[in-house]
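Step one of this worksheet: look at the structure below.
The values are calculated or read from the model by the stated rules, or taken from the named source; none is laboratory data. From a predicted model like this one, the values you see are computed outputs, not experimental measurements. So basically every Cβ, Gly included, is an ideal-geometry build from the backbone, and we count neighbours across all protein chains shown. Surface areas here come from the heavy atoms of the whole protein model, side chains and all, with no ligands, DNA or RNA. Shrake-Rupley method; radii C 1.70, N 1.55, O 1.52, S 1.80 Å.
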Amino acid sequence: MNPYHKPVLAEEVLTYLSPEDGKTYLDCTLGGGGHTELILEASSPHGRVVAIDRDDDALDYSRKRLARFGDRLITAKGNFRDLKKVLAEKGISAVDGVLFDLGVSSHQLDTPRGFSFLRDEPLDMRMNRDDEKTAANVVNNYSREHLAEIIRTYGEERFAGRVARAISEAAAKKPIETTGELADIVRKAVPGGGKYAIDPATRTFQALRIEVNDELSSAEAALEDAVDVLKPGGVICVISFHSLEDRIVKNAFARKAGKCTCPPRIPVCVCGARKTIEILTKKPVTAGPEELGDNPRSRSAKLRCARKISEQP
Ligand SMILES: C[S@@+](CC[C@H](N)C(=O)[O-])C[C@H]1O[C@@H](n2cnc3c(N)ncnc32)[C@H](O)[C@@H]1O
């Protein structure tokens, strides 16, 4: 078992991508390299994977673990929103398949980097530790209104106003520095804080993580570019872990599948909708009972896949 991260929906991803010898794949979220390893094995002996991650831990770990594949594994540090630039730097103009396994790895959750409120640790949450913005910067410096908006939108928190007020008031007295301090503030601010099945801090932590790492806009930008770099016949697979991400994937696929987004009152389409992909998963694929029993993280995973069709004139 890979102690860094256990890949989710691995069989399903392989079925849709169906890697072949000699082809080139792009893994936009290398993590512990679980999916990349399977793609390299399935495309032996000459298939290649270009793998991106913005976290040095993931790159260091996976480069060592997957060293046996030699130059068939090409890694790059960066944000997947720059995937076109990464491929250009590697001299690659198009790929045969793309994978996104969005969100954080088990390693990121299990090490003291501020992603978890189950331990008291510095309020950081950066996937890329070269970035400047930490979760502590956000809670201590954003206005109450800005915090409320983030917590409402990215955390889908009903009591976002109350939570934002409690955070701002606490930060005005003394900067909030740890996950434990923040979780306590949030729990006290949510009415009936102690009686929920899910810890009330979950939604605010999700919101802050999305804000710190600019997760949704990165995904939105990258999905468009990923379809552009796919060769006709190539498949894109995207695994998401919460409803906001899944909506972005669903909408991006719908746009690329030619769905017109013009307002209903306009008689002729002006949005330029053009069908460039065929959606392979009408509904998202979820984990089967065996994987659910084996890997609790698979519970919220949703996989959507699409195939690039030949360019239309
Ligand atoms: C769920 S893990 C991937 C796990 C991997 N599939 C495996 O089998 O081990 C997500 C990884 O994507 C990286 N990541 C998330 N957003 C990113 C982005 N915008 N650009 C680059 N890497 C990103 C995270 O740092 C993390 O290592």
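Among the candidates Ala287, Ala252, Ala226, Ala219, which residue alone is in a helix (DSSP H, G or I), in contact (Cβ under 8 Å) with a residue 40 or more places away in the chain, farther than 30 Å from Phe159 by Cβ and among the hydrophobic types (A, V, I, L, M, F, W, C)?
Ala226
Taken over segment 81-105, the criterion of being open to solvent by 30 Å² or more (accessible area, probe 1.4 Å) and of a type outside the set (A, V, I, L, M) is satisfied by Arg81, Asp82, Lys84, Lys85, Glu89, Lys90, Gly91, Ser93. For segment 255-284, the tally of residues that are assigned to a strand (DSSP E or B) and surrounded by 16 or more Cβ atoms within 10 Å (Cβ to Cβ) stands at 2.
Would you be able to say whether some residue in segment 138-153 is within 11 Å of the ligand (Cβ to nearest atom) and not assigned by TED's automatic domain parsing to the domain that holds Thr15? No, segment 138-153 contains no residue that is within 11 Å of the ligand (Cβ to nearest atom) and not assigned by TED's automatic domain parsing to the domain that holds Thr15. Selection within segment 109-158: residues that are among the aliphatic types (A, V, I, L, M) and under 18 Å from His5 (Cα atoms). The member of this set that is most open to solvent (accessible area, probe 1.4 Å) is Leu109. Only residues that are within 12 Å of the ligand (Cβ to nearest atom), in contact (Cβ under 8 Å) with a residue 24 or more places away in the chain and under 30 Å from Glu132 (Cβ atoms) were counted in segment 36-63, giving 12. Residues in segment 1-16 that are of a type in the set (A, V, I, L, M) and open to solvent by less than 70 Å² (accessible area, probe 1.4 Å) were compared, and the one that is farthest from Ile236 (Cα to Cα) is Val8. For the residues Ala201, Ala88, the requirement of being away from the ligand (no atom under 16 Å from the Cβ) and in the same structural domain as Thr29 (by TED's automatic domain parsing) singles out Ala88. Here Ala207, Ala273 are screened, and the one residue that is in contact with a helix residue (DSSP H, G or I) (Cβ under 8 Å, 6 or more places away or on another chain), of a type in the set (A, V, I, L, M, F, W, C) and modelled with pLDDT of 95 or more is Ala207.
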